[in-house]
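Computed from the coordinates by the stated procedures, all read-outs in this text should not be read as laboratory data. All of these numbers come straight from a predicted model, not from anything done at the bench. Positions of Cβ are backbone-derived with ideal geometry, glycine not excepted, and every protein chain shown enters the neighbour counts.
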């Protein structure tokens, strides 16, 4: 195995594993602290000698979900000095040029990290060793989160040569991809064969990279599950279904600055990160705003910051960029989990649910209430959660697949995750389970050991199958391979989907009727 690598910053030694070497905590940019807070990432300093890369770095500053949540990412040291990545490689020689898989983690852009661990036994979930043994060079990335990664302010925009602010965490991801392009050959990887992949916020990140001119040429395939930004940008803060405009994000940022008692950028950059994280701003009214996710995370979070249309890194909404065929045209594999509502807030009252839909969905409200039907408070909670999940997750990937197919991307592959992992009943806060949001992650990494669940032989077979599909796609842009059920190319609304269940096979895409209602709501016409 490769044990020593010479990066642009200096020489590093890895940590030997069973048939692979891991290089952990590699810095791809300078610490974004002091005057570098809320600036694009700067190059890291060089060093002499050989540094050991045998442990992960601190994770980004963040509030954590409850330890009883399915989405609790584990306790890890936190720091603003977090712009690092981890690499797993089973290459024996630097000349092997293996396909590269770069993972962007989930967490609504406000929590999580590359060090995400199972919430009971602490084993790292995003361990790339199994995929490395299949032939990939796997990279997992930390990037700035929340207000430290995505705060917009008029003053920050004014000091930028691009008159833009707010997408610092996304620019971190771009910097990590540039680092991979410049250094991955040292680890046996091929810089001309890079797949970006992720679930939830990681998938939404991938949709932005397909739309961003800054990411052009830095990757060659995309895998995204349960996340994307395919609705038109909006001035309305709230649901995680739309990107905000720069103007709206700046207004939101000014509320944060007001809560911190200063509009001075120097003063804001001098504050401890905890003060910025904990500053209270007035919550918006309504049962379904991203403040609900803040309340779910707790610890004083009352608003969130996530990527925006800034006119520079993200010049427009991805859907508009796809429609104009200005996207980074690479093979795409995408889909979503059937029960994506796991972990999302629901509306407890039938009357509140009906009132919200009527107020928010206008001309399609009647059809929506028939499609996501409820007759009492219990069914209102489920129906509202399903509607929220379809808006924030499922519809986004469905629309992404259809846009990519209709605007020249070849090939596109689509999936429905229908398999419910054996989560112990009653362990988690979440009131919905089933084919849960992000349920595919331990299967993709073929790393069921990250959770101490009562795994069945079928789960192990499915993990071996899914990891091979993902690996095959990373290698060639086609997930198919010997011994795997054939996965047909997606051919639009009436095309086929790979159904991942106990017995994976091809089927009709699910939730099409629900997505049709959202097409009308978002003003999308299917050809």
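What the table below lists for this structure:
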quantity: Ranked packing of 372-379, 228-235, most packed first, by mean Cβ within 10 Å; calculated: 228-235, 372-379
quantity: Distance between region 438-465 and region 241-257 - C-alpha centres, whole angstrom; calculated: 39
quantity: Taking the C-alpha atoms of region 157-280, convex hull volume expressed per residue in Å³; calculated: 150
quantity: Matching label, Cα Rg over 2.2 N^0.38 Å computed from the structure shown, candidates (i) 1.30; (ii) 1.16; (iii) 0.91; calculated: (iii)
quantity: Tensor-based shape of region 1-125 (alpha-carbon gyration tensor, a/c under 1.5 rounded, otherwise prolate or oblate); calculated: oblate
quantity: Share, in percent, of DSSP beta bridges within the chain that are antiparallel, nearest 5; calculated: 30
quantity: Antiparallel bridges, percent of DSSP beta bridges restricted to region 1-145 (to nearest 5); calculated: 60
quantity: Average Cα contact separation per residue, the chain, under 8 Å, 6 or more apart, as relative contact order %; calculated: 14
quantity: Sites residue 254 and residue 352 - FRET efficiency at Förster radius 22 Å, r taken between beta-carbons, to 0.05; calculated: 0.15
quantity: Within region 480-512, backbone nitrogen closer than 16 Å to the virtual label 7 Å beyond the Cα of residue 464 toward Cβ; calculated: 481-485, 502-504
quantity: Three-way shape label, region 387-525, alpha-carbon gyration tensor, a/c 1.5; calculated: oblate
quantity: By average C-beta atoms within 10 angstrom, highest first, the peptides 58-64, 141-147; calculated: 141-147, 58-64
quantity: Pairwise centroid distance, computed over Cα atoms, of region 1-72 with region 348-407, Å; calculated: 40
quantity: Mean Cβ neighbour count within 10 Å, used as a protection proxy, ranking 506-515, 213-222, 477-486, 184-193 highest first; calculated: 184-193, 213-222, 506-515, 477-486
quantity: Fully extended contour minus Cα-Cα distance, from residue 325 to residue 51, at 0.36 nm per residue; calculated: 94.2 nm
